[in-house]
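Enquirer: There's a structure below that I have some questions on.
Read-outs throughout are calculated quantities, based only on the coordinates presented, and are distinct from any laboratory measurement. Computed from a predicted structure; not experimentally measured. Cβ placement follows ideal geometry from the backbone for every residue including glycine, while neighbour counts extend to all protein chains displayed.
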Amino acid sequence: MANADRPRAGPEIGQAAFFEAVVRWQTTHGRHGLPWQGTHNPYRVWLSEIMLQQTQVTTVLDYYPRFLARFPDVQTLAAAELDEVLALWSGLGYYSRARNLHACARQVVNDWGGRFPSRAAALQTLQGIGRSTAAAIAAFCYGEPVTILDGNVKRVLSRLLAFEGDLAQAAQERRLWDLAQAQVPSQAGHSEMIAYTQGLMDLGATVCHRSRPDCLLCPAADLCEARSSARMAEFPVRTRRLVRRTEAWWWLVLRRADGACWVQQRPARGIWAGLYAFPVYHTATEAKAALEAATGYPVAVTEHPVVRHALTHRDLLLHPLECDWPATHQLPEAWGPGQWLDESRADALGLPTPVRSWLKGRTGG
């Protein structure tokens with residue numbers, strides 16, 4: 001089709017060409033076998049949406065059924081202790097999601113009688129539910145004609161519309177939200193909203209890749225402004241990028257004669273907030289000084305090879321310093337709450353992946 005004759009993908013064709021193209025494509029070519037699809041249960045949709053934030057589908061496929069088996073509904077989740085929720089979440093990362101999930105479940109039970117609100121605006125008032133997650137729940141479960149706009153969908157629509165606004169700026173992101181909503185017909189039916197919402201997710205995940213998008217497979221290729229000018233790599237525009245940095249921690253790994261190691265709860269804010277980990281120090285000298293202050297005499301430590309652990313925008317270099325804890329000594333109160341933990345109980349507590357791996361590896365698990 002010649003460029004002059006192509007329908008433009010701006011708001012003027014919203015409620016028509018793009019929406020219909022995505023619905024048709026998803027029905028035939030989209031993903032249909034995921035375990036959280038085909039349900040109007042807002043608890044299950046909410047859980048999947050939270051788990052899928054910045055996490056690959058293949059990873060969530062492992063966690064989602066195990067989490068549902070233990071917490072089949074919002075009431076069960078609300079009644080649980082946070083430590084148990086964090087234990088099941090361990091390894092999934094972004095642990096603030098688990099804390100918000102637990103707090104949100106209690107909100108739904110205490111403030112909404114155990115039933116999720118049916119409108120996106122009300123869903124956004126719940127802890128940990130942002131605008132895009134609220135729209136997904138409202139569209140999938142209640143058919144509300146509201147659009148999602150997660151990271152993948154921002155890429156799809158930025159290319160579709162050749163959106164020049166810098167998404168590092170809140171005002172420009174609001175503009176894109178308005179344009180995204182303009183693509184949704186106000187009278188769209190429930191089944192159409194399910195297909196469109198899932199279709200947006202599927203396009204971003206399987207076709208409109210960050211690099212080398214498969215434009216020949218895209219149902220909106222003839223509508224895409226970025227493709228028409230071969231500028232796909234330029235969108236989305238985001239000038240401010242988070243700089244990745246490296247941080248070194250020294251773990252003080254205290255081991256009893258029975259093999260159990262001491263773990264203590266991390267602060268409520270920061271990396272691994274609320275999880276249990278080995279005591280952390282900024283230098284080996286600091287860690288050894290704390291150990292000597294606790295025992296009253298120098299204690300021999302074994303310095304193990306560095307463990308590298310990647311977080312979203314940071315690399316942790318973990319230096320384990322292991323020592324045998326004297327049976328005659330009590331742990332200092334200043335070290336805060338914690339407990340002795342061995343490999344057999346490593347799955348019963350919220351632990352970061354490197355801590356759980358260390359416990360199991362050092363005990364032969």
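Enquirer: Helix-only mean residue ellipticity at 222 nm, the chain, DSSP H runs n ≥ 4 weighted -39,500 (n - 2.57), per residue, nearest 500. What is it?
Expert: Numbers: 14 runs with 151 residues, N = 365.
Helix contribution divided over all residues of the chain: -12500 deg cm²/dmol.
Enquirer: Highest mean first, how do 140-153, 291-304 rank when packing is the count of other Cβ atoms within 10 Å averaged over residues? Write out the running numbers ahead of the final one.
Expert: Numbers: 140-153: 21.3, 291-304: 13.0.
Going by the mean number of other Cβ atoms within 10 Å, highest first, we get 140-153, 291-304.
Enquirer: Right, next: When Lys and Arg each count +1 and Asp and Glu each count -1, what net charge do the other residues less than 14 Å away from residue 67, Cβ to Cβ, add up to?
Expert: Details: positive: 44, 66, 70, 97; negative: 49, 62, 73, 84, 347.
Summing Lys/Arg as +1 and Asp/Glu as -1 gives -1.
Enquirer: Here is a further query. Restricting to DSSP loop positions (anything but H, G, I, E, B) with no more than 15 other Cβ atoms inside 10 Å of their own Cβ, which GluC sites (Glu not before Pro) remain in the range 47-151? List each step's numbers first, then the result.
Expert: On the way: sites: 49, 81, 84; in loops: 81.
Sites meeting the loop and neighbour criteria: 81.
Enquirer: If you find the alpha carbon centre of the range 298-365 and of the range 35-70, how far apart are they in angstrom?
Expert: The range 298-365 and the range 35-70 have Cα centres spaced 30 Å from each other.
Enquirer: Rounded to the nearest 10 degrees, what's the angle between the helix 17-29 long axis and the longest principal axis of the chain, both from Cα atoms, 0 to 90?
Expert: The angle comes out near 60 degrees.
Enquirer: Which of 282, 249, 186 sits closest to the plus end of the dipole of the chain, meaning its Cα is farthest towards the positive end, when Lys and Arg get +1 and Asp and Glu get -1 on the C-beta?
Expert: With unit charges placed on the Cβ atoms, the residue in question is 186.
Enquirer: To the nearest 10 degrees, how steep is helix 151-161 against the longest Cα principal axis of the chain, on a 0 to 90 scale?
Expert: 30 degrees
Enquirer: Local charge sum around residue 288 (other residues, Cβ-Cβ under 14 Å, Lys/Arg +1, Asp/Glu -1)?
Expert: On the way: positive: none; negative: 286, 292, 303, 322.
Residues near residue 288 contribute -4 overall.
Enquirer: While we're on this one: Among 24, 266, 244, which one shows the highest mean-square fluctuation when the chain is modelled as a Gaussian network with alpha-carbon springs under 10 Å?
Expert: 244
Enquirer: What is the distance, in nm, between label points placed 7 Å from the Cα along the Cα-to-Cβ direction at residue 62 and at residue 119?
Expert: 4.2 nm
Enquirer: Another one. Evaluate the charge dipole of the range 95-224 about its Cα centre and quote only its size in Debye, nearest 20, assuming +1 on the Cβ of each Lys and Arg and -1 on the Cβ of each Asp and Glu.
Expert: Values: 13 positive and 11 negative charges, 97 e Å.
Computed about the Cα centre, the dipole is about 460 debye.
Enquirer: List the residues, sorted by chain then number, that are 5 or more residues from residue 253 or on another chain and whose placed amide H is less than 5 Å from its amide H.
Expert: Long-range HN contacts for residue 253: 321, 322, 323.
Enquirer: Summing Lys, Arg as +1 and Asp, Glu as -1, what charge do residues with Cβ under 15 Å from the Cβ of residue 28 carry, residue 28 excluded? If you can, show how the numbers build up before the last one.
Expert: Working: positive: 24, 31; negative: 20, 192, 202.
Taking every other residue near residue 28 into account, the sum is -1.
Enquirer: What is the spin-label model distance, in nm, from residue 233 to residue 175 if the labels are put 7 Å beyond Cα along the C-beta direction?
Expert: With each label placed 7 Å out from Cα toward Cβ, I get 2.5 nm.
Enquirer: For the chain, give me the percentage of DSSP beta bridges that are antiparallel, rounded to the nearest 5 percent. Show your work: numbers first, answer last.
Expert: Values: 15 of 26 bridges.
Beta bridges within the chain, antiparallel portion: roughly 60 percent.
Enquirer: Okay, next question. Which one, 103, 19, 117, is farthest towards the positive end of the dipole of the range 3-234 when Lys and Arg carry +1 and Asp and Glu -1 on their Cβ?
Expert: Ranked along the dipole, the leading option is 103.
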